Amino acid sequence: MSGSVRSLAPEPAAGLHIEALSFAYGTRAVLSGVTAAPLVPGSLTALIGPNASGKSTLFRLIAGLLKPASGTVRLGGEDLAHRSVRQRLKRVCFMPQFFATNAALTVFDVVAMAHKQLEGWRITDEDMTAVGHALHDAGSGHLADAYVGELSGGQSQMVSVAQANVRRCEVYLFDEPTSALDLKHQLDVLSRIGSAMRARGAIGIIALHDLTLAARFAEYALLLGGGTIRAEGPVHAVLRDPEISAVYGVEIELTNGPREEIIVHAYAH
């Protein structure tokens, strides 16, 4: 691995530690010895890599929805394998790319369900307020009374962000949360996610295909390719690492935009 490994955790046990994770679907190996430097609270890390590189599988392993063939996931020094799935989901929130639910429910209903998933089902005034704030913070308050079966793909993703926002976890995993959004809403959602991670002191990992968005909104990056972490560290350093061109199979060039933001250009070999 040629990317520089960062060491920004305040204590050795702090943060999220991913160590030597391996996983296969039957005989098809997907991840092999995935290890990353500790991901620290209050930060947003971009998980980047081509299609079928194992990003969603890695998220499911961290969330405890899949069991690794080997390796560990530790949070704050604790091996999460020692926790039940229910206990683990109180600490790790996984937002898949698409969610399925009863089409007859309203947006308010499904966000309330996310809020009460691991508690009781009686809705209090405090619960109602929390759901309202989560919808507002995700920019989807106007959808509260809409039925989820009537939502567009982009609206569904915004509701998924609200479902994540309403929970108070230590780790948030966002699997391509902007893939169905227009440009304005991509910028809005990613800005809100980054602000929420910093305000909560939470660890955020976001799978993205758009490398320019990764450069703009994430502090750090993990480059996943060939079943392993090929580079990691500050996002701008990873985007300049020669491994990124090797992993994606294209030439990568970075330039500065008019506001000094990084713009990523890709060229076929």
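The values are calculated or read from the model by the stated rules, or taken from the named source; none is laboratory data. The model shown is predicted, which means the values in this text are computed figures rather than measured ones. For neighbour counting, all protein chains shown are included, and Cβ atoms are generated from backbone atoms with ideal geometry for every residue, glycine included.
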Checklist entry - Residues GLU78, GLU150, GLU126: which one is assigned by TED's automatic domain parsing to the domain that holds ILE193 and of a type in the set (Asp, Glu)? => result GLU78
Checklist outcome for this item: Taking the range 233-261 and keeping only residues that are over 21 Å from the mean Cα position of the chain (by Cα), outside any loop (DSSP other than H, G, I, E, B) and either free of Cβ contacts under 8 Å to residues at least 60 places away in the same chain or loosely packed, with under 14 Cβ neighbours inside 10 Å (or both), one is left with ARG240, PRO242, SER245, ALA246, VAL250, GLU251, ILE252, GLU253, LEU254, THR255, ASN256
Checklist entry - So which helices (runs of 4 or more DSSP H) stay within the range 44-142 end to end and still have 3 or more residues that are in contact (Cβ under 8 Å) with a residue 24 or more places away in the chain and at positive phi? => result none
Checklist entry - Out of the range 178-221, which residues are more than 18 Å from GLY139 (Cα to Cα), over 14 Å from the mean Cα position of the chain (by Cα) and of a type in the set (A, V, I, L, M, F, W, C)? => result LEU211, ALA215
Item to check | Complete set of residues in the range 193-212 that are surrounded by fewer than 20 Cβ atoms within 10 Å (Cβ to Cβ) and in a helix (DSSP H, G or I) | outcome: GLY194, SER195, ALA196, ARG198, ALA199, ARG200, THR212
Checklist outcome for this item: Of the residues in the range 38-93, those that are of a type in the set (D, E, K, R) and touching a Ser or Thr at 6+ places or on another chain (Cβ under 9 Å) come to ASP79
Checklist outcome for this item: Of (1) closer than 26 Å to ILE123 by Cβ; (2) surrounded by 23 or more Cβ atoms within 10 Å (Cβ to Cβ); (3) at pLDDT 90 or above, CYS169 satisfies every one except (2)
Checklist entry - Quick check: anything in the range 152-174 over 30 Å from LEU16 (Cβ atoms) and without any contact (Cβ under 8 Å) to a residue 12 or more places away in the chain? => result no
